[in-house]
Amino acid sequence: MRELGIAGAWIHEPKVFPDARGSFHEWFKGPDFAEATGHRLNLAQANCSVSSRGTLRGIHFADVPPSQAKYVKCVRGAVLDVIVDIRTGSPTYKQWEAVRLDDVDHHSVYLSEGLGHAFMALTDDATVVYLCSEGYAPQREHGIHPLDPELGIEWPSELAPVLSEKDAAAPSLAEAEAQGLLPSYEACQAYLAELRA
């Protein structure tokens, strides 16, 4: 695993072993994860979503603590996965990083507690699975509009984004900050320190 440009975001680029039957790779290894991040991944829930081409999901995040860290992989088709630093006070606040996840290279991303997450399906039937450190808790879940011009995420211009009603009604980053919804970098760092203790 190697850390991305936003602290708390990692990419796993496994070695894929192809042969006449297909291929094999290890998409998650607990010891490697713990060595890279300094703590174990507490697995509380595993999700799977299937999306048609152009579907845009996110930007989603949860209250810290405990938030919801995610380890994300595309097992069929391809998606553009985007991690957004929404932690107020962070050195990379308002920055985002995009990673292509697909069923060829088999990369995975990990985003720690307090980061925002979104992805756009680049193919039909794009199937994404993610391991979550906490279960879904609607009262703690929030969203930011993925087309917020202040963030300026560069979604593929050839695709018309298809959003859920909930994501389309999500506030901008500035509105979420004004409403006190965003996690602070300080709170996220304190929570991570607890996990590493």
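The coefficient of translational diffusion for the stretch 56-117, derived via Stokes-Einstein from the alpha carbon Kirkwood radius under 37 °C and 0.692 mPa s, stands at 268 µm²/s. Taking every Cα-Cα distance in the stretch 26-173 and sorting them into 10 Å bins from zero, the calculated P(r) comes out as 11, 42, 38, 9, 0 percent.
If each DSSP helix of 4+ residues adds -39,500 (n - 2.57) and the sum is divided by the residues in the chain, what number results at 222 nm, nearest 500 deg cm²/dmol? Show your work: numbers first, answer last.
Values: 4 runs with 30 residues, N = 197.
The helix contribution divided over the chain gives -4000 deg cm²/dmol.
Remark on residue 172: its backbone amide H falls under 5 Å from those of 145, a criterion applied only to residues 5 or more positions apart or on other chains, H modelled at 1.01 Å from N. Scanning residues 5 or more positions from residue 100 or on other chains, those with amide H under 5 Å from its amide H are 81, with H placed 1.01 Å from N in the peptide plane. Placing unit charges on the Cβ atoms only, positive for Lys and Arg and negative for Asp and Glu, gives the chain a dipole magnitude near 420 debye about its Cα centre. Estimated at the nearest 10 Å², the accessible area of residue 50 is 80 Å² with a 1.4 Å probe. What translational diffusion coefficient, to the nearest whole µm²/s, does the stretch 88-197 have by Stokes-Einstein, given a Kirkwood radius computed over alpha-carbon pairs, a temperature of 20 °C and 1.002 mPa s viscosity? Estimated via Stokes-Einstein, D reaches 133 µm²/s.
Annotation: extensible slack from residue 17 through residue 154 equals 46.1 nm (criterion: 0.36 nm per residue apart, minus Cα-Cα distance). Per-residue Karplus couplings for the stretch 176-184, computed as 6.51 cos²θ - 1.76 cosθ + 1.60 with θ equal to phi - 60°, are listed in order as 5, 5, 4, 7, x, 7, 7, x, 8 Hz, Gly and Pro entered as x.
The values are calculated or read from the model by the stated rules, or taken from the named source; none is laboratory data. Since this is a predicted model, take the numbers as computed values, not measurements. So basically every Cβ, Gly included, is an ideal-geometry build from the backbone, and we count neighbours across all protein chains shown. Areas reflect the complete protein model, heavy atoms only, side chains present, ligands, DNA and RNA absent. Shrake-Rupley method; radii C 1.70, N 1.55, O 1.52, S 1.80 Å.
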